[in-house]
Structure formats: C-alpha cells, structure tokens
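Shown next, in structure tokens, is the structure this report addresses.
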C-alpha cells in the first residue's frame, strides 16, 4: 500500500494574528470577521457590538468553551464561523500563572491555591523549569486546541497588543521589531502557527493594516499580499482569501 498523499491547494479556515497598539481598532475590525464569537480574556469588549463569552478567568474555563464549540461542530450545530481570542497576551498570562504555580484550580475552574510569590524562574525546580513548562503548555495544549477549532471549520483570530522586542530572524540574527506582545518564550510558536500576522496602526484616524513584514514590523501572510491597505476600504474576509477588493 502506498503512502497517503494530498495534492493541490487545500484551503483551510483562517488562522490570523492581529496586533497593534491599544486603541488602534483591532477588536472593532475583528467583529467584522465572518460570524464571530469573542472569547473574552481581557474584559475590554463592553463597547464592541459583538457576541462574546463572559470573562474567561482560567485555563479550565477556556477548555470548557473550546469543548462546547467542538461539540456543536461535531453535532452539525455550529453557530459561529470565527473564534476571536481577545487578547492572546492576556490568555497566555493565565497559562503563565499555571506554569509558575501562582494558581492551581480544580476541574471546575475553582481556584484551590494562590501563591503570589511564585515565579517562572522558581517553578518546577527553578533554573528555567517554569519557562519550559509554559512552552510545553502552549505547544502541547493551547495551540492544539486552536488547531482543533480550525479542523472543525472555525476561523481563529488572535488579537494581541504590540510592543518593540528582539526577534531572531531566519539567519539567527536578533532584530528589534514591532511584534505581538506575547511572552518571549512562546511568541515564536504562535507566529509559526498563524497563516497571517497583520499589524494594525492608526495614524491620525486613518487605520491601515500592514500585510508584510520588514526590519521594523513583524507581519506575514500566505496569500502573497504586499504593502498596506486602508482598513475602511477593504473587506477583511476577502483579504484573508488573497483579495484586496473594496467592501
């Protein structure tokens, strides 16, 4: 029997990271994605017209939401087309609390231990053990859950704040770029997982998306898109299919 193979282009649901400074309009733009539900990790969605979950306070609650969405899809009762995590930097902080031992929860998400003196440096025997635990959580738990949503037909958008940080390029050289504000130990796995990473900026009320990266901004896409586009002149859903047409 031959090796199973797949040929040709195989379109999948979008896997997008949308990052930018506070107030750039990231959540407002994400609300225009196809039939979205927001998973609220930050509590900043009160003034956005969207469908959202109550504030997700721990990793157990997140797991329950994902399981519910997957069950709906499996039963043919999928109500939403896009899952928006707002924001991914706040979501990662919840997993950092777990990895560092700051909190422990039972299987219902109830906090059974809180140690505010715990840190990633001290956790799991010290010497970086907590950071390794965080990386393992992201690579072996968090990202696979996101991938399971994509496999079930949901698009996934991760909203992130931006900051200037040192990022290693393909040649192994560290460069300072504007990048998603995700913990340094796990930012690379998220960038690798996403098909598209767009940077959103607001210059005197003109909102634009940077579609491809350079030495100053981390951005990428798999559709061959170049340059920047005016947010108010495009349909974000068409953009994710490789088009730049106006709304």
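Every number here is computed from the coordinates shown, using simple stated rules; none is lab data. Keep in mind the model is a prediction, meaning the values are calculated, not measured. Cβ: placed from backbone, ideal geometry, glycine included. Neighbour counts: every protein chain shown.
Applying the criterion of being in contact (Cβ under 8 Å) with a residue 60 or more places away in the chain and part of a helix (DSSP H, G or I) to the residues of the range 78-90, the residue that is surrounded by the fewest Cβ atoms within 10 Å (Cβ to Cβ) is 89. Residues that are surrounded by 16 or more Cβ atoms within 10 Å (Cβ to Cβ) and either in contact with a helix residue (DSSP H, G or I) (Cβ under 9 Å, 6 or more places away or on another chain) or closer than 21 Å to residue 18 by Cα (or both) within the range 64-77 comprise 66, 69, 70, 73, listed in sequence order.
Given the residues 163, 192, which is the only one that is within 26 Å of residue 139 (Cα to Cα) and surrounded by fewer than 12 Cβ atoms within 10 Å (Cβ to Cβ)?
Result of the check over 163, 192: 192.
Of 229, 138, 206, which residue is surrounded by 14 or more Cβ atoms within 10 Å (Cβ to Cβ) and either under 19 Å from the mean Cα position of the chain (by Cα) or touching a residue at least 24 places away in the same chain (Cβ under 8 Å) (or both)? Every option except 138 fails the conditions. On the stretch given as the range 209-226, residues that are under 16 Å from the mean Cα position of the chain (by Cα) and either without any contact (Cβ under 8 Å) to a residue 24 or more places away in the chain or farther than 24 Å from residue 22 by Cβ (or both) total 1.
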